[in-house]
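The values are calculated or read from the model by the stated rules, or taken from the named source; none is laboratory data. Computed from a predicted model, the values in this text were never measured in an experiment. Note that we place each Cβ from the backbone using ideal geometry, even for glycine, and neighbour counts take in every protein chain shown.
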Amino acid sequence: MTRRFDPATDQLVRSVYLVRDQVPGFSEYPFSIPAIHGLHELKLDAQVTFFVGDNGSGKSTLVEAIAIAAGFNAEGGSRNFNFHTRRSESELHKFIRLVRGVRRPRDGYFLRAESFFNVATEVDRLGVVDTHGGTSLHEQSHGESFLALASNRFGDNGLYILDEPEAALSPQRQLSLLAIIHRLAAQGTQFIIATHSPILMAYPDALIYQLGPKGIAPVAYEETEHFQITRDFLNGRDRYFRHLFAETSTDDQG
């Protein structure tokens, strides 16, 4: 895929690193998470970087810390959002530093599945519905409101950080989000995304980091557990059912 921007000169955020000598201890959460425990510096793609891994692997924790370090509200929104319904962010952001490029983002947004309702409420309260599509996000379905926000609020030369966006989207709408990402990535926008979706992480030429018990490392799309399990299931779901249902029957007998 041809890149319109040179990653060596045009990147908004080049990398993220952990100031390890300031961490109070690596035995406590979130520093005890293997992916965080072994973190030094992670280079980011100029256009799209994915963090993938199982629940509890630390991908959302890391994305949250990057977003706060970039100046976004912990619960989501643009840099102008400053609401708090319930403080639940980890301490990681205090020890995360971003290595920025020469260009500065024209705009940005942090969007996370678990607090999307709170962001929608704040959009109404601030009276900025027009910049988010013209209709209250609360008056649309979850998927419609998410795509309305992405379509109308995301722009060129921006920094957009997404945490599990697939939670709001059907497979078809995940493809629609990919089209938005592709259009904006060609216009100098950078995306950092935590996801479980094998559809989203298939974006061509994206940098994918796998988080797991052994830490964090780059991985090819075809080598992710998400791709392999999805492919194997679709190619042989009867085999999966026989195994899973046999386990269920054994558990019931016990």
Check your understanding: What are the residues in segment 112-131 that are within 9 Å of Glu75 (Cα to Cα), among the charged types (D, E, K, R) and part of a helix (DSSP H, G or I), if any?
Key -> Glu114
Exercise for review: Please list, ordered by first then second residue, the pairs with beta carbon atoms under 7 Å, 6 or more apart or interchain, first in segment 188-213 and outside the structural domain of Ser170 (by TED's automatic domain parsing) and on the phi < 0 side of the Ramachandran plot, second crowded, with 21+ Cβ neighbours inside 10 Å and modelled with pLDDT under 95.
Suggested key: none
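From the list His138, His93, pick out the single residue that is part of a helix (DSSP H, G or I) and under 21 Å from Ser170 (Cα atoms). Spell out how you get there, then give the answer.
Values: His93 fails: under 21 Å from Ser170 (Cα atoms).
Sole residue among the options that is part of a helix (DSSP H, G or I) and under 21 Å from Ser170 (Cα atoms): His138.
To keep it simple, each residue is scored yes or no on (1) out of contact with any strand residue (DSSP E or B) (no Cβ under 7 Å at 6 or more places or on another chain); (2) at pLDDT below 85.
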position: Arg14; (1), (2): no, no
position: Phe31; (1), (2): yes, no
position: Leu44; (1), (2): no, no
position: Ala65; (1), (2): no, no
position: Phe81; (1), (2): yes, yes
position: Arg87; (1), (2): yes, yes
position: Tyr109; (1), (2): no, no
position: Glu114; (1), (2): yes, yes
Check your understanding: Limited to segment 64-78, what total is found for residues that are buried (at least 22 other Cβ atoms within 10 Å of the Cβ) and part of a helix (DSSP H, G or I)?
Key -> 4
